[in-house]
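J.: Provided herewith is a single structure, encoded as structure tokens, for subsequent inquiry.
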Amino acid sequence: MKFLNKACFGMLLAASAMSTPAFAQDEEDTAAIGPFTLSGGIAVTSDYRFRGVSLSNEKVAVQPTLTASHDSGFYVGVWGSSLPNSPAYGKFELDVYGGFATEIASGTTVDLGVTYYTYPGSHDGGAPTDYFEGIGKLSHDIGPLSVTGQVAYAPKQSALGDDDSIYLNLGAGFGVPNTPVTLSAAVGYTDGSLGLVAPDGNYVDWSVGASVPAGPFTLSVQYVDTDVKKTGVKAVDTLYDPTVVFTLGVSF
């Protein structure tokens, strides 16, 4: 069932799927076509961590993205990631998203959208894997400091075991004055069907990191951890153990 993917997908791989993957907006270039803007990028990451849990079985993942936005604030796009091959999820995750973002006050932006998580290579006898999630973000910039609060809600649906899930996240980024370095930190909380990696169905994840642009490239490093209790099975526990994730992205 799909509810095992985003929280327990890594455990399935070891034992035998929005903020939401980040869509790498800071790694994208842009091209304007009238009122439309097209941006895209591709990143290589040492470990695909979704809300603190490895979905790439601690292996390297390739993650392309493409977004089309309108001057009005509406946008649509796709984001993808390679995955370890499995009958339930195939070799690739494809997320289709859309929404509306606008500045409601000086330095304050609201972003409301929906993400549809799909697995085109799934060949698990028709078992449901795809699901959708509504995501709302509120961001405020104060000089070099940017703070974002996020709420993501996935209503009851077959791929989530006919249960719902909620994710809360508070993150901050700080552009170090007179340097190209941006520091970041975030803490998140998952509760519901996507939190079943934890025995009681909820857990906390957190991260701290830094990124440095170099022309069209961006290099980032993040320390990621969760409070999920260990099971005693090393191949499973390492999927939400603390780790350092390196990512190299390029815009096009």
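J.: So, in region 185-204, exactly how many residues are acidic (Asp, Glu) and closer than 18 Å to Thr231 by Cα?
T.: Of the residues in that region, 1 qualify.
J.: Which condition breaks for Gly249 when tested against (1) in a strand (DSSP E or B); (2) surrounded by fewer than 14 Cβ atoms within 10 Å (Cβ to Cβ)?
T.: Every condition holds for Gly249 apart from (2).
J.: Kindly list, by first and then second residue, each pair from a residue in region 146-158 that is closer than 19 Å to Ala127 by Cβ to a residue that is exposed (fewer than 14 other Cβ atoms within 10 Å of the Cβ) and of a type in the set (Asp, Glu), limited to pairs with Cβ atoms under 8 Å and residues at least 6 apart or on different chains.
T.: Going by the 8 Å Cβ cut-off, the qualifying pairs are Lys156/Asp162.
J.: Give the residues of region 155-188 that are assigned to a strand (DSSP E or B) and in contact with a Lys or Arg (Cβ under 9 Å, 6 or more places away or on another chain), sorted by residue number.
T.: Of everything in region 155-188, those that are assigned to a strand (DSSP E or B) and in contact with a Lys or Arg (Cβ under 9 Å, 6 or more places away or on another chain) turn out to be Gln157, Asp163, Asp164, Ser165, Tyr167, Asn169, Gly188.
J.: Mind checking whether some residue in region 180-191 is exposed (fewer than 14 other Cβ atoms within 10 Å of the Cβ) and closer than 24 Å to Ser139 by Cβ?
T.: Within region 180-191, one or more residues are exposed (fewer than 14 other Cβ atoms within 10 Å of the Cβ) and closer than 24 Å to Ser139 by Cβ.
J.: Examine region 116-131 for a residue that is under 27 Å from Val244 (Cβ atoms), touching a helix residue (DSSP H, G or I) at 6+ places or on another chain (Cβ under 9 Å) and modelled with pLDDT of 95 or more, and state whether such a residue exists.
T.: Within region 116-131 (the criterion being under 27 Å from Val244 (Cβ atoms), touching a helix residue (DSSP H, G or I) at 6+ places or on another chain (Cβ under 9 Å) and modelled with pLDDT of 95 or more), the answer is yes, since at least one residue qualifies.
J.: Hey, another quick one. Looking at the structure I just gave you, is Lys156 exposed (fewer than 14 other Cβ atoms within 10 Å of the Cβ) and in contact with a helix residue (DSSP H, G or I) (Cβ under 6 Å, 6 or more places away or on another chain)?
T.: For Lys156, the condition - exposed (fewer than 14 other Cβ atoms within 10 Å of the Cβ) and in contact with a helix residue (DSSP H, G or I) (Cβ under 6 Å, 6 or more places away or on another chain) - is not met.
J.: Further question on the same structure: For region 217-228, enumerate the residues that are touching a helix residue (DSSP H, G or I) at 6+ places or on another chain (Cβ under 9 Å) and in a loop (DSSP other than H, G, I, E, B).
T.: Selection gives Val228 alone.
J.: Still on this structure, I have one more. Please list, ordered by residue number, the strands (runs of 3 or more DSSP E) wholly in region 50-151 having 2 or more residues that are within 29 Å of Val176 (Cα to Cα).
T.: Per the criteria, 61-70, 90-105, 108-118, 131-142.
J.: Looking only at region 213-238, how many residues end up being within 11 Å of Gly188 (Cα to Cα) and either of a type in the set (Phe, Trp, Tyr) or at pLDDT below 90 (or both)?
T.: 0
J.: Tell me which residues, restricted to region 157-212, are of a type outside the set (S, T, N, Q), over 18 Å from Arg51 (Cα atoms) and at pLDDT 95 or above.
T.: Phe174, Gly175, Val176, Pro177, Pro180, Val181, Leu183, Val212
J.: Counting only residues that are small (Gly, Ala, Ser) and surrounded by fewer than 18 Cβ atoms within 10 Å (Cβ to Cβ), which one in region 91-113 is farthest from Gly143 (Cα to Cα)?
T.: My answer is Gly98.
The values are calculated or read from the model by the stated rules, or taken from the named source; none is laboratory data. Remember, it's a predicted structure, so these values are computed and weren't measured experimentally. Positions of Cβ are generated from backbone atoms using ideal geometry, with glycine treated the same way; all protein chains shown enter the neighbour counts.
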